[in-house]
Amino acid sequence: MPTEMEDYLFDLRGYLILEQALSAGEVDELNERLDRLFASREPSDPNLNPKKGYENFGRSLGDIVECGEPFERLIDHPSWTDHLHRYIGGEDRPILEACSAIFRGRDQASRLHSGAHKRRMYTQFRYHNNEFRCGEINIMIALNDWRPGDGATMVVPGSHKSNIIHPAFATPAHKPGGSLDTVEGAVEVLMNAGDALLFVDCMAHGSGKRVNPGVRRSILYRYGPRWQTYQPNRDLMDRLTPERRAFMNV
Ligand SMILES: O=C(O)CCC(=O)C(=O)O
């Protein structure tokens, strides 16, 4: 279970740094796998190329959990499993919603996005009766050391509870190619290889622009509450109109 201090800091800031969440051996194995995976993809592979508006994000390889046992081990890694249960909360068990490896090179960045003002289901942060109920918890793993200028994740602490949109959403920081380098209140999350950043997705975040040579290496696993229970059978799904199918949980 997270400690009392972790609960306090997570509630206050919206994030925690889990130091040495992965061992040096685990980091080496993941890096080795990723080197081979990235090298085996054609540069035109759509899975390697970020979607429209995120062209400057870096190289990203989606559904990475399907790429071997070292990635499967991350699903319920002991360094964060209890935190996921605590922060997603209640009887809603955490499920993996998305996962990717992100390599960020020179001049690349993740622009400012998310924030409590959005009020979407997955950008929710709630706390009631000593229970957290977060719509999405992210685990961002550093696979090499992240130092100033490396394109590290940047967060706006406390913005998961903000009622007011950050004024920087009206600036180039939020536009394609933007970064959080000059965003008021944003902090750069510097980590050592093997550390993991746990954060609630409704905290405003993105990254600094990488200005150093080399590549920032990372893996991102996103979890949310599974609260739908009814799963329709295949026969029913085959019969339904596309409009009706769109209402079903598959
Ligand atoms: O790449 C990063 O450091 C941040 C990733 C991010 O902002 C996101 O995927 O939502």
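The values are calculated or read from the model by the stated rules, or taken from the named source; none is laboratory data. As the structure is a prediction and not an experimental result, all values here were calculated from the model. Glycine gets a Cβ as well: all are built from the backbone with ideal geometry, and neighbour counts include every protein chain shown.
Here are some notes:
- Residue tally, condition in a helix (DSSP H, G or I) and of a type in the set (Gly, Ala, Ser), over the range 110-125: 1
- Residue that is farthest from the chain's Cα centre (by Cα) [pool: residues in the range 200-250 that are β-branched (Val, Ile, Thr), modelled with pLDDT of 95 or more and outside any strand (DSSP E or B)]: THR241
- Whichever residue in the range 134-188 is within 30 Å of GLU26 (Cβ to Cβ) and of a type in the set (Ser, Thr, Tyr) and, among such residues, is nearest to the ligand (Cβ to nearest atom): THR153
- For the range 145-162, the criterion of being in contact with a Ser or Thr (Cβ under 9 Å, 6 or more places away or on another chain), assigned to a loop (DSSP other than H, G, I, E, B) and without any contact (Cβ under 8 Å) to a residue 40 or more places away in the chain is satisfied by no residue at all.
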